[in-house]
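Visitor: A single structure is presented below for examination.
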Amino acid sequence: MRTAHTVAAVALAVGLALAVAPAERPARAEDPFGGLRPTYWPQRAFGIPLDRATFNALDPKPTHLQLYYSLNRGAFQKGTKLAVGALQPIAEGKEGFLFDAPRDGDYEFAVQLVYGDGTVSPKENQLAGERRAIIDTVPPRVQIAAVGNGVEWSASDDNLDAREMKLECKWPNSSEWTQVKDREFRARDNYAWRMPPGRVLEVRVRARDLAGNDGISPIVRVPGDTGATVGLPKGGAGGSGGFGAPGLPQPRIGYVKQLDFHVDYTVQKMGRSGVQAAHLFVLKEQGGWELVKRHPVKLLPDDKSHALSVPYKAEREGTFGFYVIPESGAGKRDDDPKRDDPPMVLVVVDTTKPKVQLTGVQVKPGGAKGPVVEFTWEASDPNLMPQPVRLEWSLDKSAAVWTEVKSQLDNNLTATSGRYAWEVPDEKVWKFWVRMSALDKAGNVGEHVWPQEVLVDLVKPSATIDRVRGSPATAPPDKLP
């Protein structure tokens, strides 16, 4: 009899830099409304790691694995089909499926086993989601207005995290922003200061969604300038960080960890002369649209693919907006983007690894299987992934591959620190090395190894005296052994 198929845990990732979940079949995690509890993720690309040994152990053994996905609770669609022996490589020694979401949305995933005789398990009409991921690459929209000695604001997003509203202010001649911590703030709220005569504050509001995307309001001055608009326009949302325009759909956001990268685009419509060039425009954090370059291309209507790519090199880290205008073979093209035109995509260039440090490794007695190790850490980065922290152990400090303690951990103490307690499962292990790592949205990984070996044998040896006897050399002959 064929055993029920086993699907490894889903782990989402940026490119190939994955935060990988344990490779056993997880319990079905239900949300309060009867569905799978979602993981919110800020990237279109993520990996689904599988344990090849699990499928090889089945009798009979499947020859292929078919990935299925559903979008926004729709019907399951076929994804990639892979031979059991040819799973796609995933970072940190994992393998499985690499999935590129066609657009943002609510995804569920299932894996079907395919056997050599053509039979499958489960059948397509029996598929059930094993994991759910809400892909959200769009930052919150935040609008702000000065009102007297204060501000009012409105933040909107399909997946807004109400706990992550932050009001910040600074003096105009300062570069350091101060967070106002008098109280918790709501998505639509207001705040006022007692301003000394003649003083001016610069104010902004930051919002974050459940996928970890950050939206930042424009900066306003308090008290407001004479003649400025008083209060928010009726009807709500505004732009994000100066990119985009109020009331318009916001661009999705991507992250890269190199200064050199490519902007991929697809020509949606063309005439019989095809496309002979692509004009790439960039919008930096200061200023308006700039033409990067006219890139010659050769694309005809009957070409199989209308997807193209243009290179760009940033001078530094930061957020960049991009706009592509194709030019027909007959020389026809749209006008250059205007100052208020939103980018087609935002790209955050982040070449810096997260700052990470294990701040404590404490061994305590009392677990059912033995000692418990409590880890504390600090992990900070402007673009940290959700659940960015991974803990690992090894008997050899210089080992190429370490064994996972736990991955996808949150900073659960403060915004930059966390704690996790681990019961050592292997009773033969009494000392080992520990390291932690944290992943940001661009794929940068920061690592730290605890400087001393962790000793988990807390037992003080004890003994009892059984008897006292003479040595064999002095014993009587008839008593010698």
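Visitor: Could you please let me know if GLY367 is modelled with pLDDT of 90 or more and touching a strand residue (DSSP E or B) at 6+ places or on another chain (Cβ under 6 Å)?
Guide: When the stated conditions are applied, GLY367 does not pass them.
Visitor: Determine which member of the set ASP335, ASP303 is surrounded by 11 or more Cβ atoms within 10 Å (Cβ to Cβ), farther than 30 Å from ASP214 by Cβ and of a type outside the set (S, T, N, Q).
Guide: The unique qualifying residue is ASP303.
Visitor: Further question on the same structure: Test of understanding: among GLU392, GLU378, which residue is charged (D, E, K, R) and in contact with a Lys or Arg (Cβ under 6 Å, 6 or more places away or on another chain)?
Guide: Of the residues listed, the single one that is charged (D, E, K, R) and in contact with a Lys or Arg (Cβ under 6 Å, 6 or more places away or on another chain) is GLU392.
Visitor: Mind checking whether some residue in segment 370-386 is of a type in the set (Gly, Ala, Ser), in the same structural domain as ASN444 (by TED's automatic domain parsing) and at pLDDT 90 or above?
Guide: Checked against the condition, which is being of a type in the set (Gly, Ala, Ser), in the same structural domain as ASN444 (by TED's automatic domain parsing) and at pLDDT 90 or above, segment 370-386 yields at least one hit.
Visitor: Same structure again: Going through segment 210-223 one residue at a time, which ones are part of a strand (DSSP E or B) and over 30 Å from ILE135 (Cα atoms)?
Guide: The answer is VAL220, ARG221, VAL222.
Visitor: Against the condition surrounded by fewer than 17 Cβ atoms within 10 Å (Cβ to Cβ) and under 16 Å from MET344 (Cβ atoms), how does GLU315 come out, does it pass?
Guide: No; evaluated as a whole, the condition is false for this residue.
Visitor: Considering segment 57-97 alone, what residues qualify as being in contact (Cβ under 8 Å) with a residue 12 or more places away in the chain and closer than 26 Å to ASP158 by Cα?
Guide: Selection gives TYR68, TYR69, SER70, LEU71, ASN72, ARG73, PHE76.
Visitor: Return the residues of segment 98-133 that are closer than 30 Å to ASP158 by Cα and β-branched (Val, Ile, Thr); say none if nothing qualifies.
Guide: Answer for segment 98-133, where residues must be closer than 30 Å to ASP158 by Cα and β-branched (Val, Ile, Thr): just VAL111.
Visitor: Ok, one more. Is it the case that some residue within segment 239-257 is modelled with pLDDT of 90 or more, surrounded by fewer than 19 Cβ atoms within 10 Å (Cβ to Cβ) and outside any loop (DSSP other than H, G, I, E, B)?
Guide: no
Visitor: Out of the residues in segment 447-473 meeting the condition of being surrounded by 12 or more Cβ atoms within 10 Å (Cβ to Cβ) and assigned to a strand (DSSP E or B), tell me which one is farthest from the chain's Cα centre (by Cα).
Guide: Checking each candidate, the answer is VAL454.
Visitor: A further question on this structure: Suppose we keep only residues that are among the hydrophobic types (A, V, I, L, M, F, W, C) and surrounded by fewer than 16 Cβ atoms within 10 Å (Cβ to Cβ) within segment 184-209. Which one would you say is nearest to ALA155 (Cα to Cα)?
Guide: Here the residue is ALA192.
Visitor: Next up: Output the qualifying pairs, or none if there are none: Cβ atoms under 7 angstrom, residues six or more apart or on different chains, first residue in segment 301-315 and in a loop (DSSP other than H, G, I, E, B), second residue loosely packed, with under 13 Cβ neighbours inside 10 Å.
Guide: PRO301/ARG272; HIS306/THR266
Visitor: Right, next: Consider MET270 against the criteria (1) of a type in the set (A, V, I, L, M); (2) touching a residue at least 24 places away in the same chain (Cβ under 8 Å); (3) part of a strand (DSSP E or B): it satisfies all of them except one. Which criterion is unmet?
Guide: (3)
Visitor: Looking at (1) crowded, with 21+ Cβ neighbours inside 10 Å; (2) more than 21 Å from LEU201 (Cα to Cα); (3) of a type in the set (Val, Ile, Thr), which one does ILE134 not meet, given that it meets all the others?
Guide: Result: ILE134 passes all but (1).
Visitor: Note down all Cβ pairs under 7 Å where the first residue falls in segment 344-358 and is at negative phi and hydroxyl-bearing (Ser, Thr, Tyr), the second is crowded, with 18+ Cβ neighbours inside 10 Å and assigned to a loop (DSSP other than H, G, I, E, B), and they're at least six residues apart or on different chains.
Guide: That search, which allows pairs on different chains as well, returns THR351/LYS257; THR352/ASN444.
Visitor: Among the residues of segment 284-322, write down those that are under 25 Å from the mean Cα position of the chain (by Cα) and closer than 20 Å to PRO139 by Cβ.
Guide: LYS284, GLU285, ALA314, GLU317, GLY318, THR319, PHE320, GLY321, PHE322
Visitor: Ok, one more. Considering each of SER407, SER394 in turn, give the residue that is at pLDDT 90 or above and of a type in the set (Gly, Ala, Ser).
Guide: Selected residue: SER394, the only one of SER407, SER394 that is at pLDDT 90 or above and of a type in the set (Gly, Ala, Ser).
The values are calculated or read from the model by the stated rules, or taken from the named source; none is laboratory data. Since the model is a prediction, treat every value here as computed from it, not as a measurement. Neighbour counts run over all protein chains shown; Cβ positions are idealised from the backbone, glycine included.
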